[in-house]
Amino acid sequence: MLATKIIQKFPFISNYFSLLLESNTKKFPQSIVFEGLDVYAQCFFALELARVLNCLEAGDENCQCLNCRWIREGKHPAVNFVSQLHFKEQNDDSKTVISVAQVKNIEKSLREKSDYHRFFIFFDAKQTPLDDAKRLLLNNYSPEGYDICPDENWTMGHLNQKTFSPLTLNILLKCVEEPPERTTFVFLTKNRSDLINTIVSRSQCFKLPVAVQKVDFAQINSFFENYPNITLQEAFLISENLQNYIKENEISADCVLDSILAYFLYKLKHAFDNQNYSKLQNDIKYVSEAKMHLASSILEKTVFDTLLLKFAGSVK
């Protein structure tokens with residue numbers, strides 16, 4: 001049922017919800033709090049739950065029914081994002097909080113009948129760009145077929161004590177207490193303490209820990225021991241070594257580029273200063289470009305030479 005990437009990332013919680021979905025959807029929680037450090041993983045988990053509950057077929061992860069496609073594309077009329085930037089009327093000029101008007105619109109929508117299982121997914125949002133490196137990280141663990149990456153004008157964050165006004169929370173609490181059947185509220189937080197106790201007490205709370213991937217980067221690291229301070233001379237040597245590695249191990253150049261990309265994404269997560277972070281962002285872009293050049297039938301030697309020269313700062 002749930003997407004393979006979700007199950008691999010959160011096996012215990014996935015097993016719980018899978019059993020729940022298979023048994024009786026009428027008993028599905030009316031309010032859920034997801035807590036942890038990875039807000040995008042929380043969001044995808046919520047969307048996967050909404051997809052299975054609204055699927056017109058058997059809920060398989062590759063289902064192409066209308067509801068599954070709509071949810072993957074972020075277009076389903078009953079699956080709503082609610083933030084300072086989403087689920088707003090044109091005349092709602094609130095920018096820093098989820099407003100009373102937004103929650104009253106939820107109240108109004110709940111009075112209308114629906115053939116769907118409705119989801120309202122709450123999070124904090126800012127009108128700041130999502131940089132290319134973070135977009136690559138996001139795409140790295142999003143379930144297959146999802147196309148809901150935030151556009152370049154905003155980023156998703158966790159709910160905090162400043163996301164709601166007290167009046168908004170009072171109105172929202174009434175919605176959470178007595179929603180119609182087949183309605184679920186989902187709150188994405190770092191910690192449940194960032195929500196008022198009355199909402200937490202009416203919700204099922206789940207910790208979604210950040211999964212630590214055990215990846216062996218020893219071979220790739222051996223090529224990039226002097227990174228990020230690769231010299232022009234080293235660039236050509238590393239390029240030659242990578243090409244020899246491809247031939248000796250009978251693997252594809254694209255596979256090696258994927259390994260380099262995964263290695264740099266890993267280093268990006270552990271970058272401790274702005275200078276290294278900025279360089280990694282640029283070099284991740286260069287690897288992605290190299291993959292496109294390779295797919296365009298450009299010679300492997302040219303692709304790797306150019307890539308390593310970019311790492312050395314000799315080519316822009």
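Quick one: count up the residues across segment 65-119 that are aliphatic (A, V, I, L, M) and closer than 15 Å to Thr163 by Cα.
7
When only residues in segment 221-233 that are surrounded by fewer than 18 Cβ atoms within 10 Å (Cβ to Cβ) and not in a loop (DSSP other than H, G, I, E, B) count, which is modelled with the lowest pLDDT?
Per the criteria, the residue is Asn221.
Looking for whichever is touching a residue at least 40 places away in the same chain (Cβ under 8 Å) and either buried (at least 20 other Cβ atoms within 10 Å of the Cβ) or over 23 Å from Phe123 (Cβ atoms) (or both) here; the options are Leu172, Leu159, Leu167. Which one fits?
Answer to the check: Leu172.
Could you say which residue among Phe34, Phe81, Phe87 is at pLDDT 95 or above and surrounded by fewer than 22 Cβ atoms within 10 Å (Cβ to Cβ)?
On the way: Phe34 fails: surrounded by fewer than 22 Cβ atoms within 10 Å (Cβ to Cβ); Phe87 fails: at pLDDT 95 or above.
Only one candidate qualifies: Phe81.
Would you mention how many residues in segment 50-62 are crowded, with 18+ Cβ neighbours inside 10 Å and modelled with pLDDT under 95? First the steps, then the outcome.
At the first step, the residues of segment 50-62 found to be crowded, with 18+ Cβ neighbours inside 10 Å are 50-55, 59, 61.
Within this subset, residues satisfying the condition of being modelled with pLDDT under 95 are 59, 61.
Total satisfying the criteria: 2.
Residues of segment 96-112 being in a loop (DSSP other than H, G, I, E, B) and touching a residue at least 12 places away in the same chain (Cβ under 8 Å), which ones?
Step one: list which residues in segment 96-112 are in a loop (DSSP other than H, G, I, E, B), which gives 96-97, 99, 111-112.
Once the filter is applied, which keeps residues that are in a loop (DSSP other than H, G, I, E, B) and touching a residue at least 12 places away in the same chain (Cβ under 8 Å), segment 96-112 yields Thr96, Val97, Ser99.
Looking at the structure I just gave you, is Phe44 outside any loop (DSSP other than H, G, I, E, B) and at pLDDT below 95?
For Phe44, the condition - outside any loop (DSSP other than H, G, I, E, B) and at pLDDT below 95 - is met.
The values are calculated or read from the model by the stated rules, or taken from the named source; none is laboratory data. Quick caveat, the model's predicted, so the values are computed rather than measured. Cβ coordinates were reconstructed from backbone atoms using ideal geometry, including for glycine residues, and neighbour counts include every protein chain displayed.
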